[in-house]
Amino acid sequence: MRDQPRLPLLSRIPDWAWVFLDTVVALLLAAGFLGLINSRNPAPPDVLDFTVALATSLPLAVRRLWPRAVFVVVLIGGLGMREFLIPQADPFGLPLVLYTLATRSKAVPALLVAVAVTMQGVVEFPLRGQILDQLGLVLAIVVAAWTTGTAVRQRRLYTEQLAAKAEERARAEAAKERLRIARELHDVIGHSLSTIAVQAGIERHVGGAEEMSRALGSIEETSRSALRETRRLLGVLREDSPADLFPAPGLGDLDALLARIRAAGLEVELRLDGEVRGEMELTVYRIVQEALTNVLKHAGAQRATVLIERQEEGLVVEITDDGRNARERPYGHGLKGLRERVRIFGGEFEAGVRPVRGFRVMARLPL
């Protein structure tokens, strides 16, 4: 049996309970029809009368399991009901199974056949007022059963469409969140490991204890900062661990970032003009972090300049360096991630080789 969506309260009722309820209804109808055979049949009932009565009622117990087969059996049984029903058509079993069939498919042919069988049971010539009233009544019951079943089917389809759209939106949001976390992890881990690698490489050529101590201290601070930010990202994913939640880095953390970069051997000048608040502050921090990390890894530069300036048309973030290897700089996932971050705010992003020497990363964010 195909599972059918139901209303929230009805969905809590198990399938076996519905079959049990249908069985009770079928037995009650069977008892009622057998009683009508004995009381209203003009001739003594025979085997055919009993067969018709049972065929029109008992199959209703499995109408949810095999609706088409039950419809055919009840339809055939309804052809012999006119001997003892007033009006002379089945106003119970046939409409009920027609309703069930209409909840599964359009069932227009089934409606037409049910109407024809119903008219066959009622119509007698000459047509009189009482016959017309009976015909109108039974036809109204049949059409109402089909209309109700069709409405239920349309509602189910609409509910399924809503559920499918909700699932699609959930998948899109999950993909968006995975992309955001991937960008964050790339920025945090990539920057920290690159800085540590550069500092550790320098230490291989430095013999002084003071220089070595300063570099090791910077490596330690870089590692701790990476650990804090990794815990912050994991805290977002783990709702049961509020103690691991840390505020996202912002402009106030630039000094610590630049200190680690300088300890790795790169001179950095910061020009800050204006303030930024909210989620954009994290984006500005990540732009500076990723750009300076690339300078350390690829540029072979001695000096870099960070400009954060508030202008009329928006906020400008620009990082330039005097590196010798600008043309060999790969355009990797880090810069693509920055472009995506800037695009979220509707901003502009540029990254490329400077005319004379070095590399330039620029983002313009609307305020």
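One residue stands out in the stretch 149-181 among those that are in contact (Cβ under 8 Å) with a residue 12 or more places away in the chain and either in contact with a Phe, Trp or Tyr (Cβ under 9 Å, 6 or more places away or on another chain) or hydroxyl-bearing (S, T, Y) (or both): the one that is farthest from L96 (Cα to Cα), namely T159. Candidates are the residues of the stretch 162-191 that are closer than 15 Å to L257 by Cα and modelled with pLDDT of 65 or more; the one that is surrounded by the fewest Cβ atoms within 10 Å (Cβ to Cβ) is I189. Taking the stretch 40-74 as the range and being in a loop (DSSP other than H, G, I, E, B) and not basic (K, R) as the test, the residues that pass are N41, P42, A43, P44, P45, D46, L65, W66. Among the residues of the stretch 19-50, those that are of a type in the set (S, T, N, Q) and modelled with pLDDT under 85 comprise N38, S39, N41. Considering each residue of the stretch 269-326, count those that are in a helix (DSSP H, G or I) and either open to solvent by 20 Å² or more (accessible area, probe 1.4 Å) or touching a strand residue (DSSP E or B) at 6+ places or on another chain (Cβ under 9 Å) (or both), and give that number. Number of matching residues: 18.
Checked against (1) of a type outside the set (G, A, S); (2) at pLDDT below 70; (3) outside any loop (DSSP other than H, G, I, E, B), E124 passes all but a single condition, namely (3).
Take P109 and decide whether it is modelled with pLDDT of 80 or more, open to solvent by 20 Å² or more (accessible area, probe 1.4 Å) and closer than 25 Å to V19 by Cα. Judged against the criteria, P109 is not a match.
For the stretch 331-367, the candidate set comprises residues that are part of a loop (DSSP other than H, G, I, E, B) and of a type in the set (K, R); within that set, the residue that is least open to solvent (accessible area, probe 1.4 Å) is R354. Looking only at residues of the stretch 14-53 that are acidic (D, E) and open to solvent by less than 50 Å² (accessible area, probe 1.4 Å), we find that the one that is nearest to F71 (Cα to Cα) is D22. Taking every residue in the stretch 13-35 that is within 18 Å of L54 (Cβ to Cβ) and in contact (Cβ under 8 Å) with a residue 24 or more places away in the chain and pairing it with any residue that is open to solvent by less than 50 Å² (accessible area, probe 1.4 Å) and polar (S, T, N, Q), at least 6 positions away or on another chain, the pairs with Cβ-Cβ distances below 7 Å are A26/S57; L29/S57; A30/S57; F33/T56; F33/S57.
The values are calculated or read from the model by the stated rules, or taken from the named source; none is laboratory data. For clarity, every value in this text was computed on a predicted model and none was experimentally measured. Glycine gets a Cβ as well: all are built from the backbone with ideal geometry, and neighbour counts include every protein chain shown. Just so you know, the surface numbers come from the protein's heavy atoms only, side chains and all, with ligands and any DNA or RNA stripped out. Shrake-Rupley method; radii C 1.70, N 1.55, O 1.52, S 1.80 Å.
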